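Enquirer: Here it is, the structure in full.
The values are calculated or read from the model by the stated rules, or taken from the named source; none is laboratory data. Because the structure is predicted, anything quoted here is derived from the model rather than measured. FYI the Cβ positions are ideal-geometry reconstructions off the backbone, even for glycines, and counts take in every protein chain you see. Heavy atoms of the whole protein, side chains included, go into the accessibility calculation; ligands, DNA and RNA do not. Shrake-Rupley method; radii C 1.70, N 1.55, O 1.52, S 1.80 Å.
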Amino acid sequence: MSRAHRLVIDRIACTGHGLCAELLPEHVALDEWGYPIQSPGPIPGSLTRHARRAVAACPALAMRLEPARTRDAAPAPH
């Protein structure tokens, strides 16, 4: 089974080329200025290959893929 990942976009470095939405439309859309809007949640293992391709193709190097974090344990009641 593939492990889920999360896509991290550096909004300051992003220059709005739109390749991420073209290569990963299941998880990224573009706003009216061409900047990415991510779907919430992790990228499922079935889309990891596409996400890696989108990260590698970003001309501004504004994206990275990280392993999805597991939920932290709930804090102990006081």
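Enquirer: Starting from residues that are in contact with a helix residue (DSSP H, G or I) (Cβ under 8 Å, 6 or more places away or on another chain) and outside any loop (DSSP other than H, G, I, E, B), keep the ones in the stretch 1-21 and report whichever is surrounded by the most Cβ atoms within 10 Å (Cβ to Cβ). I'd like the intermediate steps shown before the answer.
Expert: Filtering the stretch 1-21 down to residues in contact with a helix residue (DSSP H, G or I) (Cβ under 8 Å, 6 or more places away or on another chain) leaves 1-5, 7, 9, 19-20.
Among the residues that remain, those that are also outside any loop (DSSP other than H, G, I, E, B) are: 5, 7, 9, 19-20.
Working: HIS5: 20, LEU7: 22, ILE9: 19, LEU19: 18, CYS20: 27.
Here the residue is CYS20.
Enquirer: Let me ask you something else. Quick check on my filter: what residues within the stretch 35-76 are at pLDDT below 90 and surrounded by 13 or more Cβ atoms within 10 Å (Cβ to Cβ)?
Expert: Within the stretch 35-76, PRO44, GLY45, ALA68 qualify.
Enquirer: Looking at the stretch 22-34, is at least one residue modelled with pLDDT of 90 or more, at positive phi and surrounded by fewer than 16 Cβ atoms within 10 Å (Cβ to Cβ)? I'd like the intermediate steps shown before the answer.
Expert: At the first step, the residues of the stretch 22-34 found to be modelled with pLDDT of 90 or more are 22-34.
Imposing the further condition that a residue be at positive phi reduces the set to 34.
Right, trim to surrounded by fewer than 16 Cβ atoms within 10 Å (Cβ to Cβ) and you get 34.
Yes - at least one qualifying residue is present in the stretch 22-34.
Enquirer: Here's another thing I want to ask about it. Please identify the pairs in which a residue from the stretch 10-27 that is more than 9 Å from ALA54 (Cβ to Cβ) has its Cβ atom under 7 Å from the Cβ atom of a residue that is surrounded by 12 or more Cβ atoms within 10 Å (Cβ to Cβ) and modelled with pLDDT under 95, counting only partners at least 6 apart or on another chain.
Expert: Short answer, once both residue conditions are applied: GLY16/GLY34; GLY18/GLY34; GLU26/LEU47.
Enquirer: I need every pair where a residue in the stretch 49-62 that is under 12 Å from GLY18 (Cα atoms) has its Cβ under 7 Å from the Cβ of a residue that is part of a loop (DSSP other than H, G, I, E, B) and open to solvent by 40 Å² or more (accessible area, probe 1.4 Å), sequence separation at least 6 or different chains.
Expert: Going by the 7 Å Cβ cut-off, the qualifying pairs are PRO59/HIS17; ALA60/THR15; ALA60/HIS17; ALA62/ASP10.
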